[in-house]
Amino acid sequence: MTVTNPKGEKVRFDLDEFTLNNYDEFKDIIKQIPGHEFFNMAKTKLNSIGTMQSRNAHYVPGYNIIELGKGHNGISTFFHEFGHNKDWLINSDDYKNVIRGDKQFIQVYEKERGAFMKEFPTLQRDFISYFISVDNLQSRGNQNLREVVAETNNILSTPNQGDGLEFRKYYLQRYFPETIAYLAKKLNPDIYINQ
Ligand SMILES: [Zn+2]
């Protein structure tokens, strides 16, 4: 399959290679991928999608693969994990040049995070500790910034809410609108060609 980005550049994307000749297993996901994300997948040179034994899902930098476990094998999880891939590689081939390190992103996110923390009691914060926690900054390498980038890609790429994880999308979408607007451009650099 050949895909064309808004700049008119054509890129080949090989579905058989991508699904490790296991197309049937992933066809429900593949059929829901919007066109611009195929171009992004070609651009980041995402190697393959596969399955894993545990119930989790992950993106593996270095190998540049996404693996989905049982119970986390839907389109919503795929786009979250693909968000991690784009964080590393959509703007640069260099693994050091990540979106989560972008100063303006951090500034916009911290402003909205501050407003959220002021307004909401601890209980509600617990729902999205994944996105707002800074307790583990050192030990987990800016996990909150990583997860905001990944989940924003999920929000932007599919209306599917993800089984049992709807609240994550909901809170991020409702309380971090400027963060999402800023990341939309960073996550899809070839679509916002006039900015
Ligand atoms: Zn994640």
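Just so you know, all these numbers are worked out from the coordinates, no wet-lab data involved. The model shown is predicted, which means the values in this text are computed figures rather than measured ones. No Cβ is skipped: glycine too gets one built from the backbone with ideal geometry, and neighbour counts run over all protein chains shown.
Can you tell me what share of the DSSP beta bridges in the chain is antiparallel? A percent to the nearest 5 is fine.
Percent antiparallel among DSSP bridges in the chain is about 60.
Before anything else, pin down the relative contact order of the chain: Cα pairs under 8 Å, at least 6 apart, normalised by residue count, whole percent.
That works out to 21 percent.
At what distance in nm do the modelled label points of S48 and Y23 sit from each other, each positioned 7 Å from its Cα along Cα→Cβ?
Once both label points are built, they end up 1.7 nm from each other.
Write down the Kirkwood hydrodynamic radius of the stretch 5-46, to one decimal in angstroms, obtained as one divided by the mean of 1/r over all alpha carbon pairs.
This gives a value of 11.0 Å.
Counting only pairs 8 or more residues apart or on different chains, how many lysine pairs in the stretch 2-89 have their Cα atoms under 26 Å apart?
For the stretch 2-89, qualifying lysine pairs total 21.
Could you give the spread of the C-alpha atoms of the chain along their three principal axes, from largest to smallest, in whole angstroms?
49, 41, 30
Compactness ratio of the stretch 2-89: Cα Rg over 2.2 N^0.38 Å, N = residue count?
Working it through for the stretch 2-89, the quotient is 1.03.
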